[in-house]
Amino acid sequence: MNRTLKIVSLLSVFALTACGFHLRGSAALPKGMERVHLTVGGGGDFQRKLARALLASNVVVEDKSGPGIAELHVPAQNFNVQSLTVNGIAQVTEFAVRYHVAFTASDAKGDTIVPMETMDFQREYSYDASQPVGTQSQMEQIQGSLVDDAVQALLFRLQAVAKHGEEAAAKAAGPLPATGSTTQEPTQYNTTPADNQ
């Protein structure tokens, strides 16, 4: 039984590798993105984690733009919390945490390879008024996890462009592979070209 499970696991890894999936930490980015100037509105964890992911993908992250340097611009990335359910004494018992990211990318020649596009993520969690400290910790974990998901989604998008070209990649844009979560609800993920909004 254990041997069978190992074989199935290995086959799964080989299948993912064959279809172009890369584990977290590296991505095959489009040609012309060997050097990237990264700008992120609001900075914070998203900028740090994205820069780290680019470095892990053998990309040189430049401090300034210039000739021969690709541009990865994230003008917006923000969280929004919405109450979902309320108990009999008017206390909120369930929230949805939403994370919105907009980005565009151009190569070293200045040609746009990803027009302005938005990605939206959502995760739900339960609120316990008797444990506010634990709830705050849970919120921070969820936000951190959503940032991780957004970084990976952006890299997958660029990787799809590298492999299939812009038109095919736009058609192929879809949900991320399942990832670990601090809640029972999976991340909901959508990507939308900005001009469709």
**Request:** Would you check which residues across region 37-82 are within 19 Å of residue 165 (Cα to Cα) and in contact with an Asp or Glu (Cβ under 9 Å, 6 or more places away or on another chain) and list them?
**Result:** 70, 71
**Fill in**
Pairing a residue in region 107-122 that is in contact (Cβ under 8 Å) with a residue 40 or more places away in the chain and more than 26 Å from residue 97 (Cβ to Cβ) with any residue that is of a type in the set (D, E, K, R) and surrounded by fewer than 18 Cβ atoms within 10 Å (Cβ to Cβ), where Cβ atoms lie under 9 Å and the two sit 6 or more apart in sequence or on different chains, gives 107/31; 108/31; 108/34; 108/35; 113/166; 115/166; 115/195
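Taking the conditions exactly as written (more than 30 Å from residue 135 (Cβ to Cβ), at pLDDT 95 or above and among the hydrophobic types (A, V, I, L, M, F, W, C)), does residue 11 satisfy them or not?
Values: more than 30 Å from residue 135 (Cβ to Cβ): yes; at pLDDT 95 or above: no; among the hydrophobic types (A, V, I, L, M, F, W, C): yes.
Criteria not met by residue 11.
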**Complete:** For residue 122, the lone unmet condition from (1) farther than 30 Å from residue 32 by Cβ; (2) crowded, with 21+ Cβ neighbours inside 10 Å is (2)
**Top-ranked residue of region 74-96 - restricted to ones that are surrounded by 12 or more Cβ atoms within 10 Å (Cβ to Cβ) and at pLDDT 90 or above, ranked as nearest to residue 127 (Cα to Cα)** = 79
**Asked** From the list 99, 127, which one is surrounded by 16 or more Cβ atoms within 10 Å (Cβ to Cβ), in contact with a helix residue (DSSP H, G or I) (Cβ under 7 Å, 6 or more places away or on another chain), among the aromatic types (Phe, Trp, Tyr) and touching a residue at least 40 places away in the same chain (Cβ under 8 Å)?
**Response** 99
**Item:** residue 121, sole failed condition from (1) within 30 Å of residue 165 (Cβ to Cβ); (2) assigned to a helix (DSSP H, G or I); (3) under 15 Å from the mean Cα position of the chain (by Cα)
**Value:** (2)
**Asked** Under 6 Å by Cβ, and 6 or more places apart or on different chains, what pairs join a residue from region 74-85 that is of a type in the set (Gly, Ala, Ser) with one that is in a strand (DSSP E or B) and surrounded by 12 or more Cβ atoms within 10 Å (Cβ to Cβ)?
**Response** 76/102; 83/92; 83/95
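Looking at 41, 32, which one is under 22 Å from residue 147 (Cα atoms), surrounded by 15 or more Cβ atoms within 10 Å (Cβ to Cβ) and either touching a Lys or Arg at 6+ places or on another chain (Cβ under 6 Å) or in contact (Cβ under 8 Å) with a residue 24 or more places away in the chain (or both)?
Numbers: 32 fails: under 22 Å from residue 147 (Cα atoms).
Result of the check over 41, 32: 41.
The values are calculated or read from the model by the stated rules, or taken from the named source; none is laboratory data. Since this is a predicted model, take the numbers as computed values, not measurements. Note: ideal-geometry Cβ built from the backbone for every residue, glycine included; neighbour counts use all protein chains shown.
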